[in-house]
1. Distance in nm between label sites at R57 and R119, each 7 Å beyond Cα in the beta-carbon direction?
2. Any chance you could run the full-extension gain for H183 through D99? It's 0.36 nm times the residue separation minus the Cα-Cα distance, nm to one decimal.
3. Looking at H142, W128, T111, which one has the Cα that reaches farthest to the positive end of the dipole of region 53-163 (charges on Cβ: Lys, Arg +1; Asp, Glu -1)?
4. Lys and Arg at +1, Asp and Glu at -1: add these up for the other residues within a Cβ distance under 10 Å of R74 and post the number.
5. Among residues other than T86 whose Cβ falls under 11 Å from its Cβ, what is the net charge (Lys/Arg +1, Asp/Glu -1)?
6. When the Cα centres of region 68-84 and region 107-184 are compared, how far apart do they sit, in Å?
7. 5 Å is the cut-off here: which amide hydrogens, built 1.01 Å from N in the peptide plane, fall below it relative to G85, excluding neighbours closer than 5 in sequence?
8. Hey, what do the phi angles of region 49-63 turn into as Karplus ³J(HN,Hα) couplings, whole Hz, using 6.51/-1.76/1.60 and θ = phi - 60°, x for Gly and Pro?
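Values quoted throughout were computed directly from the atomic coordinates according to the rules given, and no laboratory measurement underlies them. Everything numeric here is computed off the predicted structure, so don't read it as measured data. Cβ placement follows ideal geometry from the backbone for every residue including glycine, while neighbour counts extend to all protein chains displayed.
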Amino acid sequence: MRKLTVAVALVTAAVALLTGTAGTAAAARPPVPAEHLAVRSWTSLNEHGSGANPGERLTAWVDARTVGDRTGGRAVVEHVFFGQGTVRVEFDVDCLTLDGGAVTVTGPVTTATATPVGRPATTGPADWHPETGLTFFPSDAHGEHRAGWAGADLSDPTRPARATKCAPVPAGLWVIGGRTVAHQ
C-alpha cells in the first residue's frame, strides 16, 4: 500500500509540475525581446513558500542570450522527490525578454521525463514540443524573489501548451537559493 501511495504522490506531483500549476501564461501582450541580452541562472525554487522544502528539490537552470534578432540557449527545470523519483523538463530558448526587471525565457520542450524510483521513465512523444516558460521577478517589498513556471502536460500531450512565446509567466514559486544574472 505504501508503494502505491508513493507512486500516486509522484504522479500527482509530476502532473502538477508539468501542467504548470505553478504558473500559467499571462494574457497581456508580451514585451518585445531585447536585442542584446544574456541571462545565466541557477535557482532553487519552492512552490510552498519562501522557506526550506524538505523531501524535495526543485531547481531551474538557464543559459540564454539574444544578439540582434537571434535568440538561443537552454533551460532545465528539475523536480526531485527524495526516495520517489524525478521530473525533468528541458527546453530550447526561443525568446528572452527583460521587462521591468523581470526576466522571461520561453521555448519548445525538447524532452520531458518523469522517472519514478524503481520504475521505467515516462517521456512525451518524439514530435511533442509544446511552448514552456520561466520568469524570474525582482525582489518584492518583503525582499522575496519569485518565479513563474509554465510547464507542459506529460500526462496528456494533446493538451495545448501552457506558455506563450515571449509572454511572462505569473509568479507561483519562491526563489530560495541561487542567482539569476542578466547582462544587457
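1. In this crude spin-label approximation the distance works out to 2.2 nm.
2. 28.9 nm
3. The residue sitting most towards the positive pole is T111.
4. Here the count lands on -3.
5. Net local charge, T86 excluded: 0.
6. So the two Cα centres are separated by 7 Å.
7. Hits under the 5 Å cutoff: V117.
8. Running phi through 6.51 cos²θ - 1.76 cosθ + 1.60 with θ = phi - 60° gives x, 8, x, 4, 10, x, x, 7, 9, 10, 10, 10, 10, 9, 9 Hz.
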